[in-house]
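Student: Sharing a structure below in structure tokens format, with a few things to ask.
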Amino acid sequence: MSTETLRSACARTDDEIALIANSMRHDIIAMLEAAGSGHPGGSLSATDAMATLFFSGVLAWDPQDSSSADRDRFVLSKGHAAPALYALLVQQGFLPHDEIVTLRHMGSRLQGHPDSNLCPGVEVGTGSLGQGTSIAAGMALGLKLDAAAAGTDPQRVFVLTGDGELQEGQNWEAVMFAAHNKLDNLVLMLDNNNLQIDGHVTDVCSIESAAEKFRAFGWNVLACDGHSIPAIREALTQAVEHTGAPTAIVCKTVKGKGVSFMEDQVGWHGNAPSAEQAAVALAEIDAAREQLAAKEA
């Protein structure tokens, strides 16, 4: 199946994507409660962007083959948000749902940071912050070179980074490299929730204005509400249509989005919910699902 055919086959409506994102949030809380450790805040803030990316028709993936040569690539640079990726892989059919409770267990495929040697659908092991953008840029260049030799269009590469992660200098070497090589098959999505493990990003070591920084390096830059599926879809559509330069999408997000007591709270960067807290969170997520289902009906 061709790359374009796969992209079309993966497309869902905005309402369908909203339900997928809700299911992902449910699974994120469930797996973190079962594990007793992990990172809920950044997983929840990235959920809408990840769900829209994989189900809007801009990224090709084959439900029958996670390593299909025709696939586009996704790199989760902020690897501590692995629960969001595992929840997504369940929605794609690459993981059975009952496996989520093995998160962070010895011998599990679902480690605290994604491991491409263990888990289908994971392109590369990440979690050493700042490296994913470099990896994605290398992938994008390799795919462009292969496509040029074959006389075809290159597959796309998408990378999701965090704003705290952009404090790592290696990112900016990769940003410079990508612009220099005109990697217009590369799209970076920034989970701009302004929180990291030890406080607000703007207080710890500000990266603002991130948009102006990317623009200064020669990138095409877009911005959107990182929890509005139509807005994310539109930004992604514009990004993949742009030629001559890579694109950065600054997604303004809320850490812990979807669970009211976790939202915009630095304490939920790396603490798992207790059984009682998980029950409250899941009830809130389930109530949101009922509203979404009623809207779709």
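Student: By a straight-distance test (C-alpha under 13 Å), which aspartates and glutamates pair with residue 295 as possible cross-link partners, with residues fewer than eight away in the same chain excluded?
Tutor: 14, 15, 16
Student: Can I ask one more? For the chain, what is the mean residue ellipticity at 222 nm derived from helices alone (per DSSP H run of n ≥ 4: -39500 (n - 2.57); sum divided by total residues; nearest 500 deg cm²/dmol)? Intermediate results must be reported in sequence, preceding the final value.
Tutor: Details: 10 runs with 132 residues, N = 297.
Taking each H run of at least 4 residues, the total per residue is -14000 deg cm²/dmol.
Student: Using the charge dipole of region 49-152 (Lys, Arg: +1 at Cβ; Asp, Glu: -1 at Cβ; taken about the Cα centre), state which of 92, 64, 112 has its Cα farthest towards the positive end.
Tutor: Going by the charge dipole, the pick is 112.
Student: Quick check: residue separation of residue 69 and residue 118 times 0.36 nm, minus the Cα distance between them. What number comes out in nm? It would help to have the intermediate numbers written out before the result.
Tutor: Details: separation 49, 0.36 × 49 = 17.64 nm, distance 1.91 nm.
Result: 15.7 nm gained on full extension.
Student: Still on this structure: So if I take the centroid of the Cα atoms in region 192-229 and the same for region 161-187, what is the distance between those two points in Å?
Tutor: Distance between centres, Cα-based: 13 Å.
Student: While we're looking at this one, here's another question. Please order 172, 219 by the number of other Cβ within 10 Å, starting at the fewest. If you can, show how the numbers build up before the last one.
Tutor: Numbers: 172 15, 219 22.
Least crowded to most crowded, the residues run 172, 219.
Student: Right, another one. Give the label of the value calculated from the structure for Rg/Rh (Cα atoms, Kirkwood Rh), choosing from [x] 0.94; [y] 1.13; [z] 1.02.
Tutor: Looking at Rg/Rh (Cα atoms, Kirkwood Rh) for this model, the match is [x].
Student: Relative to the Cα centre, what is the charge dipole magnitude of region 3-296, using +1 at the beta carbon of each Lys and Arg, -1 at the beta carbon of each Asp and Glu, and rounding to the nearest 20 debye? Intermediate values should be presented prior to the final figure.
Tutor: Working: 19 positive and 37 negative charges, 90 e Å.
For region 3-296, the charge dipole is close to 440 debye.
Student: Could you tell me how far the Cα centroid of region 248-276 sits from the Cα centroid of region 1-69, in Å?
Tutor: Using only Cα atoms to place each centre, the spacing works out to 18 Å.
Student: Also: What distance in nm separates the simple spin-label points at residue 264 and residue 294, each placed 7 Å from Cα in the Cβ direction?
Tutor: The modelled label-to-label distance comes out at 2.6 nm.
Student: Still on this structure, please answer the following. As I understand it, the dipole of region 35-96 uses +1 on the Cβ of Lys and Arg and -1 on the Cβ of Asp and Glu, about the Cα centre. Which of 37, 52, 74 lies farthest toward its positive end?
Tutor: Value computed over the given set: 37.
Student: Based on other C-beta atoms within 10 Å, arrange 108, 56 from fewest to most.
Tutor: 108, 56
Student: Moving to a separate point now. Shape verdict for region 180-245, please, from the Cα gyration tensor: rounded (a/c under 1.5), prolate (a/b greater than b/c) or oblate. Intermediate results must be reported in sequence, preceding the final value.
Tutor: Working: a/c = 2.85, a/b = 1.42, b/c = 2.00.
Note, shape of region 180-245 comes out oblate.
Student: Now for a different question. In percent, how large is the relative contact order of region 174-229, given Cα pairs closer than 8 Å and 6 or more residues apart? Write out the running numbers ahead of the final one.
Tutor: Numbers: 22 pairs, mean separation 19.1, N = 56.
Across region 174-229, relative contact order equals 34 percent.
Student: Express as a percent, rounded to the nearest 5, the fraction of DSSP beta bridges in the chain (both residues included) that run antiparallel. Write out the running numbers ahead of the final one.
Tutor: Working: 3 of 25 bridges.
Of those bridges, close to 10 percent are antiparallel.
Student: So which chymotrypsin sites (Phe, Trp or Tyr not before Pro) in region 21-67 end up in coil per DSSP with only 13 or fewer other C-beta atoms within 10 Å? Walk me through the numbers on the way to the answer.
Tutor: On the way: sites: 54, 55, 61; in loops: 61.
Hits after loop and neighbour filter: nothing returned.
Student: Filter the cross-link list 182/255; 213/252; 182/257 down to pairs whose alpha-carbon distance in this structure exceeds 26 Å. Display every interim value, and only then the final one.
Tutor: Values: 182/255 32 Å; 213/252 16 Å; 182/257 34 Å.
From 182/255; 213/252; 182/257, over 26 Å: 182/255; 182/257.
Read the figures in this text as sums done on the coordinates, not as results from a lab. Predicted model, so just to flag it, every value in this text is computed and none were measured. When we count neighbours, we look across all protein chains shown, and the Cβ atoms used for this are built from the backbone with ideal geometry, even at glycine.
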